[in-house]
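Note sheet for the following structure.
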Amino acid sequence: MSQTQSGFTKQTARNMFYGGSVFFALLFAVIVFDTEQRIPERSNAQAITPAVVAGKKIWETRNCIGCHTLLGEGAYFAPELGNVYKRRGGDFIKGWMKAMPTGAPHRRQMPQFDLNEQQLNDLVEFLKWTGEINTEKWPPNIEG
Amino acid sequence: MTIATLKYQSQSVSRNYFIAAMVLFAGQVIFGITLGLQYVIGDLFFPYIPFNVARMVHTNLLIVWLLFGFMGAAYYMVPEESETELFSPLLAKVLFWVFLAAGALTIVGYLTLPYAKLAELTGNDLLQTMGREFLEQPLPTKIGIVIVALAFLFNITMTVLKGRKTAITVVLLMGLWGLALFFLFSFVNPHNLVRDKMYWWFVVHLWVEGVWELILGALLAYVLVKTTGVDREVIDKWLYVIIAFALMTGILGTGHHFFFIGLPGYWQWIGSIFSAMEPIPFFMMTVFAFNMVQRRRREHPNQAAVLWAVGTSVMGFLGAGLWGFIHTLSPVNYYTHGSQITAAHGHLAFYGAYVLVVITLISYAMPTLRGRIANSQKAQAAEMWSFWVMTIGMSVMVLALTGAGILQVWLQRMPTEGAMSFMATQDQLAFFYWTRVAGGVIFLLGQFLYFASFFIGGEPVRADTVKTSASGGVLGVRPAQRA
């Protein structure tokens, strides 16, 4: 097929690759630069307190993403937590964490992370802040 | 020991890489089946191997074995393409053991220590990089990956520089350098979750829907050059067109991950439009593979490798192209984001594009590393069966997950009032999840068959004994199968 199109040579194809890639990479960089400027407002960045930062670290070092999703990203084994603060509230989250694992036979189990009160509060602060991010109205309903 | 079937003896360093890749692949599938079972028997292996640990092992093994596969492929292809011995075979041998040890230690760490303890012991406080999906590796492992990658790239680049430069090696090198470069974003973890997520995709998306496609294209083109004997000019041109479309759609296609994670709404337009075009390069790859096989100048004795190559192009299109397209438009993704639809796409895309292309290369290279152009008819027949069994197993899994995803969206996402909760929905999906486990077991059987094919002896097919196909076209893959 392409052999018969004598005008379209390997060099043309190569130039299209280099030119196209560089063009779109630069365009991407420009848009990302613009996005960077808007992140503070969209994420309510002034509300990122030391507790939120500490909570994010708890989130990461307990590998929560290995079961849960956060803003729809992660594993699909356990509920979405981006809006869990709105769905359940802070006290419920803390009580839940303390009660794990349920030990109910054949049900999915969440490990006990032995977090202290301070760590639980930080985690709740992180999830509360996460719930305020402008996610273009995602998820569609409170169930996440 | 000289291997007569190798043009350059230093190509033989790739052998260990391929073997390690396959062993880790087996581990990945075992953990995958464990995860599938945990979906339906929630407390299986709890608390010894919780779901999150098994998943981390499953996905990290995939990444590591594909990297072994890519590195082995480069060590095999580059000397032959460059018409010169590898710059330093010794460095390649040393790096193999370093990478294997680092990978094994990391997996052992995941399985034996609580993750928070592992983070503490490995200096996560110095630079917090852990606990993000696919980038769970401790800091020393991440640094190790960078060192191994740089030393590997140095070796490969020096080899290319001292020898012939072909389109295939140039594209391969760009892909591999890009892989290393974008991995550096794994060290970027801002406190702001939105920013964290955006740069996280610079690793994940710009790998699998960006630079890895260059590697994929180069590997596929190489095997097609070797097995079909079609003129390089033709294959090179196809390669450039395919990767041009891959990057022209894939770079801005990153936007399809930016819909609902806190980034500006304009990404819904950019992401939808460009990612909707991402199937184009995969479709072209399918046309390319069929076309080259149809115009082949000779019957290569290794028809199994041809089947894997054609299989890559078709399954890559279905998994990365079609299954990606079904949920990539933002109004659709609004409902499917983070559902089992995503899982279905992820599985088929990785299998179709990257698992199969690495096996394609291994299938082509491994016989020559063992002193023959091709395996016996019997071994090739087993190999071809393994392709079909694995592909059917994967298809069962993906269709089951797609069904689960559709039902999940219907019950949990679509209702504006009285939507079902996540866990209540999960209970409704049990049938699909059991079917998925069955697909996983079929896949495992296919994998056993593939490994078994390495141990089936018999008289190797030689260039002068290969049967020419009467039917022509891609149907020509049949002669070896009939035997």
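The values are calculated or read from the model by the stated rules, or taken from the named source; none is laboratory data. Since this is a predicted model, take the numbers as computed values, not measurements. Ideal geometry is used to build each Cβ from the backbone, glycine not excepted, and the neighbour counts take in all protein chains shown. In case anyone asks, the SASA skips ligands and DNA or RNA and just uses the protein heavy atoms, side chains included. Shrake-Rupley method; radii C 1.70, N 1.55, O 1.52, S 1.80 Å.
What the table shows:
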{"quantity": "Partner aspartates and glutamates for B:Lys226 [C-alpha distance under 15 Å; skip if fewer than 8 residues away on the same chain]", "calculated": "B:Glu80, B:Glu81, B:Glu83, B:Asp236, B:Glu299"}
{"quantity": "Descending semi-axes in Å of the range B:243-398, equivalent ellipsoid built from Cα gyration tensor", "calculated": "35, 17, 11"}
{"quantity": "Heavy atoms of B:Val40: accessible area, 1.4 Å probe, square angstrom to 10", "calculated": "30 Å²"}
{"quantity": "Relative compactness, the range B:43-91, computed as alpha-carbon Rg over 2.2 N^0.38 Å", "calculated": "1.88"}
{"quantity": "Estimated buried accessible area (total), pair A and B, 1.4 Å, Å² to nearest 100", "calculated": "7100 Å²"}
{"quantity": "Listed residues A:Thr130, A:Thr69, A:Thr35, most fluctuating in chain A (Gaussian network, C-alpha, under 10 Å)", "calculated": "A:Thr35"}
{"quantity": "Surrounding net charge for B:Glu278, when Lys and Arg each add one and Asp and Glu each subtract one, Cβ distance under 14 Å", "calculated": "-2"}
{"quantity": "With every protein chain in place, the range B:93-239: carbon and sulfur % of accessible area (1.4 Å)", "calculated": "75 percent"}
{"quantity": "Convex hull volume per residue for the range B:1-117, taking Cα atoms only, in Å³", "calculated": "114 Å³"}
{"quantity": "Rg(Cα)/(2.2 N^0.38 Å) for the range A:1-92, N = residue count", "calculated": "1.87"}
{"quantity": "Which of B:Glu278, B:Glu85 is most accessible, then next, and so on - probe 1.4 Å", "calculated": "B:Glu85, B:Glu278"}
{"quantity": "Qualifying trypsin sites (Lys or Arg not before Pro) in the range B:277-362, DSSP loop, other Cβ atoms within 10 Å at most 13", "calculated": "B:Arg297, B:Arg298"}
{"quantity": "Long-range HN-HN contacts of A:Glu80 with modeled amide H, under 5 Å", "calculated": "A:Thr69"}
{"quantity": "The range B:279-339 and the range B:397-415: distance between their alpha carbon centers, rounded to Å", "calculated": "24 Å"}
{"quantity": "Probe 1.4 Å, all protein chains present, accessible-area order of A:Glu117, B:Glu81, largest first", "calculated": "A:Glu117, B:Glu81"}
{"quantity": "The range B:102-261: translational diffusion in µm²/s, Stokes-Einstein, Kirkwood Rh over Cα pairs, 4 °C, 1.567 mPa s", "calculated": "73 µm²/s"}
{"quantity": "Accessible-area composition of the range B:366-462, carbon plus sulfur, in percent [1.4 Å probe]", "calculated": "73 percent"}
{"quantity": "Rounded to whole Å, sorted largest first: equivalent-ellipsoid semi-axes of chain B, Cα gyration tensor", "calculated": "35, 26, 23"}
{"quantity": "Reduction of at least 50 Å² in accessible surface, 1.4 Å probe, comparing all protein chains with the chain by itself, residues of the range A:73-104", "calculated": "A:Glu73, A:Tyr76, A:Phe77"}
{"quantity": "Share of carbon and sulfur in the accessible heavy-atom surface of chain A [1.4 Å probe, %]", "calculated": "58 percent"}
{"quantity": "B:Glu299 - accessible surface, heavy atoms, 1.4 Å probe, Å² rounded to 10", "calculated": "30 Å²"}
{"quantity": "Cβ-based charge dipole, the protein assembly as shown, positive-most Cα from A:Phe126, B:Trp385, B:Ser186", "calculated": "B:Trp385"}
{"quantity": "B:Val98-A:Ala25 pseudo-label distance in nm [points 7 Å out on the Cα-to-Cβ vector]", "calculated": "2.6 nm"}
{"quantity": "log10 of Debye I(q)/I(0), alpha-carbon scatterers only, for the range B:257-349 at 0.11 Å⁻¹", "calculated": "-0.42"}
{"quantity": "Cα convex hull of the protein assembly as shown - mean projected area over all directions, nm²", "calculated": "26.9 nm²"}
{"quantity": "Accessible-area order (highest first, 1.4 angstrom probe) of the listed residues B:Val146, B:Val98", "calculated": "B:Val98, B:Val146"}
{"quantity": "Helical contribution to [θ] at 222 nm, DSSP H n ≥ 4, -39,500 (n - 2.57), averaged over the protein assembly as shown, rounded to 500", "calculated": "-21000 deg cm²/dmol"}
{"quantity": "Per-selection Rg to Rh, the range B:332-371 - Cα, Kirkwood hydrodynamic radius", "calculated": "1.35"}
{"quantity": "Modelled FRET efficiency - R0 30 Å, B:Phe154 with B:Phe455, Cβ distances, 0.05 increments", "calculated": "0.25"}
{"quantity": "Cut-off under 5 Å, modelled amide H: who pairs with B:Ser376 long-range", "calculated": "B:Val461"}
{"quantity": "Kirkwood hydrodynamic radius of the range B:186-238, Cα pairs, Å", "calculated": "13.4 Å"}
{"quantity": "Rounded accessible area per residue of the range B:167-308, 1.4 Å, Å²", "calculated": "24 Å²"}
{"quantity": "Distance histogram for the range B:100-171 (every C-alpha pair counted, 10 angstrom bins, percent rounded to whole numbers)", "calculated": "17, 38, 19, 17, 8, 0"}
{"quantity": "Calculated diffusion of the range B:166-298, Stokes-Einstein form, Kirkwood radius summed over Cα pairs, 25 °C and 0.890 mPa s, µm²/s", "calculated": "155 µm²/s"}
